[in-house]
Amino acid sequence: MRERERRGRQERPAERRTPDRRANVIILKRTVFLMILFGILLFIPLFGKLYAIQITDHEMYQQKAIEQQTMDNAVAANRGKITSADGEILAMSATVYDVILSPADFKKVQESWDDKYGDEPDQAKYPRPEAETVASGLAEILEVDEEKTLARMSKNSYYEVIAKRVEKETADQVREFILEHHLSNSIQLIPTTKRYYPKGSLASQVLGWVNPNLDNTGAYGMEALYEKELAGQTGRVVTAKKGDGTEMKYSFQDYYDATDGNDLNLTLDTTIQYYCERILEKGIEMFDVQNGGFVIAMDPNTGAILAWANSPTYDLNTPWTVSDPVLSEYLEKVKNDPNSNEEAYQEALSQMQNKQWRNKAINDTYEPGSTFKSVVLAAALEEGVVNENSTFYCPGYAVVADRRIGCSKKTGHGSQNLAQAVANSCNPAFIAIGQALGAEKFYDYLEDFGFLEATGIDMQGESKINPVSAGLIWSREKFTSANGITNLATASFGQGLQVTPIQLITAASAVINGGHLMKPYVMSSITDPDGNVVSQNQPTEVRQVIGEETSERCRTILEGVVDGGTGKRAYVPGYRIGGKTGSSETLESRQGIDHTIVSFLGFAPADDPQVIVLVMYDNPKPASPGNNLTAKGYYISGGNMAALMAGELLSNILDYMGVEKNYTDAEKAMIDVTVPNLVGQTAQVGKESLENAGFTVRTEGDGDTVTAQIPVGGAVIPSGSEVVLYLGVDKPTDQVTVPDVRGQTAEAAQQALKQYGLYLKVGGSSRYMASNAVVASQSVEAGSKVERGTVIECLFADNTMVD
C-alpha cells in the first residue's frame, strides 16, 4: 500500500507536466502572426524608400553619385571670328586664365613644410609659405585687393577665384610666383577665353560685344544676334575625385572635345567704315553737334551695308567706359552736383552707357525732311502726274486748308520747272506734287517703298511694331480722309511722319537702282573653322516699286541737286554725284527750342550708282538761342553741313573703289594738283613740267638747274597756283606768320596767303573757288609761325538758307 501511494505521488506530478498541445499551437500561431504583421509593417517604409531610390529618384541619386565621385571641368570653345568684307578681323577670341586659389590645399602645403622642417627650420630649402606673403604677392601681380585675398585664404574651401581672365604675361608671372613659393597644389591657372576687338571702336554699334560676366555670351549687335553660330559647344574633362574633393591621381579621365564656333563674315569694308566714322566725327566737331549722328553707306544694287557709323561711340574692348565728350561732360555735371549722390550718378552712368551702345540709325525714328522728296519725286514720275516740263510757282509759302506752310526761301523761288523745284528743295512745289499724286496713291507708295514695315535687316534693334500702331505714320483712313489734306501736304516734303534711317536709305536705293526695293543685310556668310561655307546671304529683292525709266529720270534730276542746287556742297570735280538735302523739324523746334536735324542722302556715280550714303547730324548748336549760325559761322542746314561732309566722303569712297574721275574742261581748272619734285632738274624741264600740270611758274636766279622750290614736291595745291623755282640761289628760310583769313572769300583768302608765300587748299568742294562762300575755319591757326610754301586748308561756308 505504501508502495502504491509512492507510485501515485510519482505519477501525479508527471500528469501535471504533460503539455497542452492545443494551447501551444495557438500560442505559436499568434506569435508567428504578430511577427509577420510587425515585420510587414516595419519593412513597408523600407521597401518604399528602396523603390524611391532605385526607381522613382534613380536619376537624381545617380547624378549625386557622379557629382560626389567625379570632377567635371568645362573646356571653353573658341568663339568664332568676325571679319570684314576686306578680310580684316573685327572680333576674335584668345586664351586667358582664371587664377584659382585652394585655401584647404594651401594649409596642406604648410603642414607638409612643418612635417619636413618644423623641428629644424634652419635646414629648410625654402621659407615656410605664409598666407600674408602669398596674399601680398598675388595682390601685386594681379592688381587685386590684398586684404580680400588674405580673407579668402583663411576659408576652408578648395575653390576661391582670385582673378578672372588675366593675360598671358600676367599668368606667366603667377606661374613664376607659384614655383618660387612651392604652391603648385594650392594655386591653379585655368585656361578660358577672352574677346578682343582689334579695331577698337570701329563699327561698335554694329558688332556689339560679349558680356564676360555671362560666360562670354553676346550682349549687343551681331555678337548677340548670331550668338548660336559664334559660340560653339563647350567641352568637358571628367576625372575621379577623392572624398576630400581633390582630384584622384592616375584615375580614369573622359575628355569631350569642345566644338569651336563658326566665323561670321560681314559686308562691312573697314576702309569705307573708317571714312564714314572720320567724316561723322569731323562734322560733329565742325558744327558743334550736340546729339551725335550717323552715317550709313550701302550698295544700292544689292542692299549690302558697306559701312555704318554712329555717334556717340565706344571702345568695344571696354564697353562700360563712357568716352564721348558730350556724355562724359554730362556725367561730370552729375558727379559734381552737390545735390546728387552715388545712386543718381550710377543711374546717369547707366543711361549714358545705353546711349553709346544704342544704334540710333535702326533703333530711333525721325522726320526725314526734304530727303524724303526723292521718294515723292519717284512716285509722281512713275504715276505720270508730273514730268520734266511741269512748272510750279513758289511765292515763298503755300496755303493748305487753314494752314500757311513756308518754303526754305522766304521770298520764294518764283516760277520753276520740275528739276529746278527739286534742286531748290521747294516745299510749295512738292505740296503741289503730292496733291497731284493724291492721298490714296501717295499712301500706296508709302507701303511699296517699305515705310509701313520693317526692312528685315539682320541687325539687332529693328522694331517689328507696325508704324501705324506705333503712331509714327498715319493710318490710311486718316491720311485719305477729308481732314487729311494737311497731312498729305506735310508728308510731301518729309514732315509729320517718322521713319528709321535704314528704311529711308533702303527706299532711296530703290529710287536710283532701277526701282528694286532690296532687303538690306550685314552678314555676308558664315563659315566653319575649316573655312567651309555654312550659310550665305544673297541679294534679295522685296518688290519692284518703279520702272527702270523712272529711276533713270530720278537720277538725272537728283544729280541737278548737287550740280548747282541745295546739295552743291557735295560737288566733287571729276565725279557725278546726285542726292537730296534735308533739314528736319523736331518736336523741340516746333516748341521754339533750337533743335534741327541736318542730313544728306547722296549717291554716285549718278549715271551708274555703286554707293549710296545717308549722313545725319543731330542738333548742331547755334551760336546763340534762335541764331541760324553756329559759333564757327556755318548756317544750320543739310545743304551747308551734311552735304559738305557727304561730298568729301563720297570722293574718298569712289577713290578707294577705283572709280575713274572724268573732268570737264571747266573742272580741270579747279582741281587740286600735286606739285612735282623738280630739284635737280634743268630749269627748262622744271618749267615745262609745272606748266603741263596746270601751274604758273616764277623763277629766282639765273642758274641752269633747280636747286630748291616752293612749295616742296608732294604738296597739293589748286591748279593755276604759282610755283617758285630757285635756280642756284638760296630759298628763304625765315618763317612767316599765318594771317587770319576767316570770313574772306576764296579769292581774297588766296591773295592774303600768297603775300606770305603760303598756299590755299580748299576743303570740301573746289567749287567754292568760284562762289561767294567765305572761310569758316583754317587748318593752321592765325598767328602761327610756318615755313614759306606751307599749304593752309580752309573750309568754307555759304551763309544763305539752303535746305
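The values are calculated or read from the model by the stated rules, or taken from the named source; none is laboratory data. Worth saying up front: this structure is predicted, and the values here are computed from it rather than measured. Note: ideal-geometry Cβ built from the backbone for every residue, glycine included; neighbour counts use all protein chains shown. With ligands, DNA and RNA removed, areas are computed over all heavy atoms of the protein, side chains included. Shrake-Rupley method; radii C 1.70, N 1.55, O 1.52, S 1.80 Å.
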Expected single match for touching a residue at least 60 places away in the same chain (Cβ under 8 Å), surrounded by fewer than 17 Cβ atoms within 10 Å (Cβ to Cβ) and either aliphatic (A, V, I, L, M) or touching an Asp or Glu at 6+ places or on another chain (Cβ under 8 Å) (or both) among 401, 379, 361 is 401
Residues that are closer than 20 Å to residue 628 by Cβ, open to solvent by 20 Å² or more (accessible area, probe 1.4 Å) and in contact with a strand residue (DSSP E or B) (Cβ under 6 Å, 6 or more places away or on another chain), drawn from the range 539-592: 583
For the range 457-503, which residues satisfy the criterion of being in contact with a Gly (Cβ under 9 Å, 6 or more places away or on another chain) and either over 24 Å from residue 401 (Cβ atoms) or charged (D, E, K, R) (or both)? 457, 459, 460, 461, 462, 477, 478, 503
Of the conditions (1) in contact with a Pro (Cβ under 7 Å, 6 or more places away or on another chain); (2) among the aliphatic types (A, V, I, L, M); (3) part of a loop (DSSP other than H, G, I, E, B), residue 598 clears all except one; give me its number. (3)
Given the structure, is residue 572 in contact with a Gly (Cβ under 6 Å, 6 or more places away or on another chain) and in a loop (DSSP other than H, G, I, E, B)? yes
Restricting to the range 327-350, name every residue that is assigned to a loop (DSSP other than H, G, I, E, B) and open to solvent by less than 70 Å² (accessible area, probe 1.4 Å). 337, 340
In this structure, is residue 388 assigned to a helix (DSSP H, G or I) and open to solvent by 30 Å² or more (accessible area, probe 1.4 Å)? no
Enumerated helices (runs of 4 or more DSSP H) restricted to the range 107-211, each holding at least 3 residues that are touching a residue at least 24 places away in the same chain (Cβ under 8 Å), closer than 30 Å to residue 88 by Cα and open to solvent by less than 90 Å² (accessible area, probe 1.4 Å): 204-207
Run down 557, 512 and say which single residue is among the β-branched types (Val, Ile, Thr), closer than 26 Å to residue 388 by Cβ and in contact with a Pro (Cβ under 9 Å, 6 or more places away or on another chain). 512
Tally up the residues in the range 212-231 that are in contact (Cβ under 8 Å) with a residue 60 or more places away in the chain and charged (D, E, K, R), please. 2
Between residues in the range 555-578 that are in contact (Cβ under 8 Å) with a residue 12 or more places away in the chain and aromatic (Phe, Trp, Tyr) and residues that are in a helix (DSSP H, G or I) and open to solvent by less than 10 Å² (accessible area, probe 1.4 Å), which pairs lie under 6 Å by C-beta distance while being six or more apart or on different chains? 571/562; 575/654
Check every one of the helices (runs of 4 or more DSSP H) wholly within the range 423-531 and list those with 1 or more residues that are in contact with a strand residue (DSSP E or B) (Cβ under 7 Å, 6 or more places away or on another chain) and surrounded by 17 or more Cβ atoms within 10 Å (Cβ to Cβ). 427-437, 439-448, 485-491, 501-512
The range 96-124, subset polar (S, T, N, Q) and out of contact with any helix residue (DSSP H, G or I) (no Cβ under 7 Å at 6 or more places or on another chain), residue farthest from residue 202 (Cα to Cα): 112
Residue 371, sole failed condition from (1) part of a helix (DSSP H, G or I); (2) open to solvent by less than 40 Å² (accessible area, probe 1.4 Å); (3) over 26 Å from residue 561 (Cβ atoms): (3)
So is residue 348 aliphatic (A, V, I, L, M) and within 20 Å of residue 581 (Cβ to Cβ) or not? no
Set 396, 384, 369: member being under 40 Å from the mean Cα position of the chain (by Cα), closer than 30 Å to residue 483 by Cβ and not aliphatic (A, V, I, L, M): 369
Mind listing just one residue for me: the one in the range 300-326 that is of a type in the set (Val, Ile, Thr) and not in a strand (DSSP E or B) and, of those, nearest to the chain's Cα centre (by Cα)? 313
Filter the range 278-299 down to the residues that are outside any strand (DSSP E or B) and crowded, with 22+ Cβ neighbours inside 10 Å, then identify the one that is farthest from the chain's Cα centre (by Cα). 287
With 13, 19 as the choices, which residue is more than 55 Å from the chain's Cα centre (by Cα), assigned to a loop (DSSP other than H, G, I, E, B) and modelled with pLDDT under 70? 19
